[in-house]
Amino acid sequence: TDLRPLDILAEVVPANGLGHSMRVFQVQGIRGFQLTASRPRALSFPASRLFIHCDHFPEEFSVIVTLRVLNVPTKRNEYLFTLMAEESHNVLVGLRYSPSKLHFLFWSQEHSNGWQTRVTFRNVSLSDNQWHTLILAVSGQSFSLTVDCNDPSDVVVETPFPNSLSVKRASFYLGNRRRRKGLFTGLLRQLVLLPGADATPRICTSMNFKVTTLSVPAILHDLPMKPASNEVLKYPYETDMKVTLGSRPPCTRHEKAHFWFNASQRGLYLCNGSTWISMLEAKKRLDYVEEYQNLVTNSETMGLEVFTIPKVGLFAATANRYTPPGSAIYKWTDGKFVPYQNIPTYQAQSWKYFTIGKKIFLAVANLEQNDRGQEYSVIYKWSHRKEKFITYQRITTHSARDWEAFVIEGEAFLAVVNHREGNNHNIDSVIYRWNPRTGLFETNQTIPTSGAYDWEFFTIGPYSFLAVANTFNGTSTKIYSHIYVWLSGSFQLFQSILTFGAADWEVFHIGDRVFLAVANSHSYDSGTSVPSNFYAINSSIYELNITAQMFVKFQDLLTYSALDWEFFSVGDDSFLVVANSFDGFTFSVNSIIYRWQGYEGFVAVHHLPTVGCRDWEAFNTTEGSYLLYSSAKEPLSKVLKLKTT
């Protein structure tokens with residue numbers, strides 16, 4: 001009963017929008033696919049995509065189908081699905097129906113001398129233009145069909161379903177048997193294989209038995225209340241719709257799936273049951289980048305943090321080199337960043353904004369000691385009364401470079417990167433856990449690091465990861481950086497990756513793919529000959545390989561003492577911008593924006609003049625999208641505006 005459902009229907013849904021083989025129709029408020037493929041193979045996929053760990057069809061299983069059947073001619077049979085070996089025309093497993101019968105087909109070499117066995121359920125009335133859910137349960141010689149959670153119809157046959165039906169080099173075909181004859185003409189909403197179980201108890205629990213579901217492709221769900229993107233443009237569907245003209249009408253469950261055309265603004269909207277959703281919103285595309293604001297800073301800036309305090313506004317914190325005057329916080333006011341608060345810091349390297357419940361914090365990583373010879377980094381807390389950050393907790397650190405805040409299983413953590421202690425770069429970095437009783441961060445775990453620069457936390461499914469960028473071990477920058485995974489209450493080593501003065505990790509997602517980019521700053525080893533250029537080296541992008549359960553190299557990009565990666569999106573396009581800081585001769589080096597181009601990977605599209613570029617931050621306002629970069633060589637940061645078409 002704990003085996004997962006295998007969604008056959010979802011496997012044939014294209015990830016980048018529907019093509020000519022499938023259309024979505026909504027009937028009686030419920031969506032389903034109409035199959036329109038002139039080439040049946042367009043609606044197929046190899047069985048190995050479902051049966052990953054075993055190449056045999058399950059011996060006991062259920063097939064769950066939700067469908068709406070059109071009137072079928074008396075002598076016509078239509079296939080819901082088939083499983084067929086590539087080198088044969090025989091149907092290994094299949095399900096088809098005629099006007100009043102449902103036929104389950106299977107191939108049994110051992111018991112039928114290589115002939116196909118057909119199990120027929122009679123008096124199955126589906127051609128009434130209504131939605132129905134069928135549950136076919138198979139176990140040995142027993143076959144049971146339940147329609148709309150009514151009493152099951154049981155059939156016992158002489159030939160049992162095979163206990164070792166091989167699916168090697170076999171493929172599933174949706175709505176056909178690898179030819180156009182017998183193509184399914186109705187609407188299909190659900191087609192799921194549940195190994196090892198009779199699905200009836202799991203399915204027959206809702207009130208609407210005709211459309212009860214175990215697994216339905218995401219694009220057939222109702223529109224989200226607040227969609228992250230205009231899903232209906234990517235996956236259009238057809239239906240009988242009512243269109244209202246004039247002023248904005250109400251949008252309630254009674255108007256769900258109705259259109260409203262706003263003639264004055266030439267806008268078309270769809271009611272999802274609570275909100276009118278724009279159907280004609282054009283996706284933005286990045287055209288070029290223009291200089292928007294010169295932000296004069298207290299001194300050279302080592303790091304940036306852009307954040308929003310709810311009901312207060314958008315802010316940017318700069319981690320500045322010198323004290324006095326320390327580091328600064330700027331507030332976005334009338335379309336520009338203006339000075340808001342100065343905070344004493346000591347060669348600040350970075351800021352980290354985070355929240356715990358309703359509490360708002362900002363942590364600074366200090367590289368050097370204060371005037372009294374004390375070395376610590378500081379966590380500041382936002383005072384709603386004073387509307388500024390005030391000192392909250394001091395934590396002893398050793399040439400701190402970076403903070404990372406994260407939550408695991410409801411508990412808040414804060415990790416600091418300790419770069420060196422004196423001349424010793426091989427020291428512990430520390431992970432702190434929030435104690436809700438004392439309201440303080442307390443040491444939870446130490447992790448050995450080597451001249452580390454950066455932590456990067458990310459999650460993949462239920463798993464939490466923490467990557468450290470190790471930069472220098474005292475003799476070489478050619479060292480391993482590590483990825484840790486949270487197991488049994490602590491971080492444990494997951495993978496080691498060879499890096500060259502790693503200064504930053506950046507994790508990002510494109511669709512279902514997970515990437516991890518490292519910024520390599522320079523290649524130095526005291527025991528080898530001096531290279532022609534320490535700083536012109538590849539930085540690398542790694543992709544998670546689910547099968548291998550590790551990150552594998554996806555792409556190398558030539559960088560010049562790269563210190564930061566920043567991922568951002570404009571419309572449907574994904575981008576990476578690198579902070580190139582030094583090419584071996586000058587700090588005036590172009591930093592580059594790369595655009596994701598699928599099979600080509602990331603391709604350079606914009607070259608941005610920068611001086612000693614240290615950090616990038618991407619942010620959005622109601623006025624548009626922006627990039628902010630900091631310079632470690634001059635007291636000037638720049639806001640760049642992304643111009644779109």
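Report yes if ASN533 is free of Cβ contacts under 8 Å to residues at least 24 places away in the same chain, under 22 Å from GLY501 (Cα atoms) and surrounded by 14 or more Cβ atoms within 10 Å (Cβ to Cβ), otherwise no. Write out each step before concluding.
Values: free of Cβ contacts under 8 Å to residues at least 24 places away in the same chain: no; under 22 Å from GLY501 (Cα atoms): yes; surrounded by 14 or more Cβ atoms within 10 Å (Cβ to Cβ): yes.
For ASN533, the condition - free of Cβ contacts under 8 Å to residues at least 24 places away in the same chain, under 22 Å from GLY501 (Cα atoms) and surrounded by 14 or more Cβ atoms within 10 Å (Cβ to Cβ) - is not met.
Only one residue in GLU300, GLU255, GLU305, GLU291 is more than 30 Å from LYS638 (Cα to Cα) and either acidic (Asp, Glu) or surrounded by fewer than 12 Cβ atoms within 10 Å (Cβ to Cβ) (or both). Which one?
GLU255
Considering only segment 600-645, how many residues are in a strand (DSSP E or B) and charged (D, E, K, R)?
Here the count works out to 6.
Could you pull out every one of the strands (runs of 3 or more DSSP E) wholly within segment 502-599 that has 2 or more residues that are small (Gly, Ala, Ser) and assigned by the TED database to the domain that holds LYS633?
Qualifying strands (runs of 3 or more DSSP E): 502-510, 513-520, 536-545, 562-570, 573-580, 588-596.
Out of curiosity, is ASN370 of a type in the set (S, T, N, Q) and either part of a strand (DSSP E or B) or in contact (Cβ under 8 Å) with a residue 60 or more places away in the chain (or both)?
Against the criterion (of a type in the set (S, T, N, Q) and either part of a strand (DSSP E or B) or in contact (Cβ under 8 Å) with a residue 60 or more places away in the chain (or both)), ASN370 does not qualify.
If you take the residues in segment 325-343 that are part of a loop (DSSP other than H, G, I, E, B) and touching a residue at least 24 places away in the same chain (Cβ under 8 Å), which one is surrounded by the most Cβ atoms within 10 Å (Cβ to Cβ)?
Going through the qualifying residues, I end up with GLY326.
Run down GLU442, GLU404 and say which single residue is of a type in the set (D, E, K, R), exposed (fewer than 14 other Cβ atoms within 10 Å of the Cβ) and part of a strand (DSSP E or B).
GLU442
Specify the residue that is most open to solvent (accessible area, probe 1.4 Å); the eligible residues are those in segment 60-79 that are under 17 Å from VAL138 (Cα atoms) and out of contact with any Asp or Glu (no Cβ under 7 Å at 6 or more places or on another chain).
GLU60
Name the single residue, out of those in segment 480-493 being touching a residue at least 40 places away in the same chain (Cβ under 8 Å) and not aliphatic (A, V, I, L, M), that is surrounded by the most Cβ atoms within 10 Å (Cβ to Cβ).
Restricting to residues being touching a residue at least 40 places away in the same chain (Cβ under 8 Å) and not aliphatic (A, V, I, L, M), the top hit is PHE491.
From the list THR459, THR477, which one is open to solvent by less than 10 Å² (accessible area, probe 1.4 Å), out of contact with any Leu (no Cβ under 8 Å at 6 or more places or on another chain) and in the same structural domain as GLU411 (by the TED database)? Break it down stepwise before answering.
Working: THR459 fails: open to solvent by less than 10 Å² (accessible area, probe 1.4 Å).
Matching residue, one of THR459, THR477: THR477.
The values are calculated or read from the model by the stated rules, or taken from the named source; none is laboratory data. A quick note: this is a predicted structure, and the numbers were derived from the prediction, not measured. Virtual Cβ from ideal backbone geometry, glycine too; neighbours counted across all protein chains shown. Remember, those area values only see protein heavy atoms, side chains included, never the ligands or the DNA or RNA. Shrake-Rupley method; radii C 1.70, N 1.55, O 1.52, S 1.80 Å.
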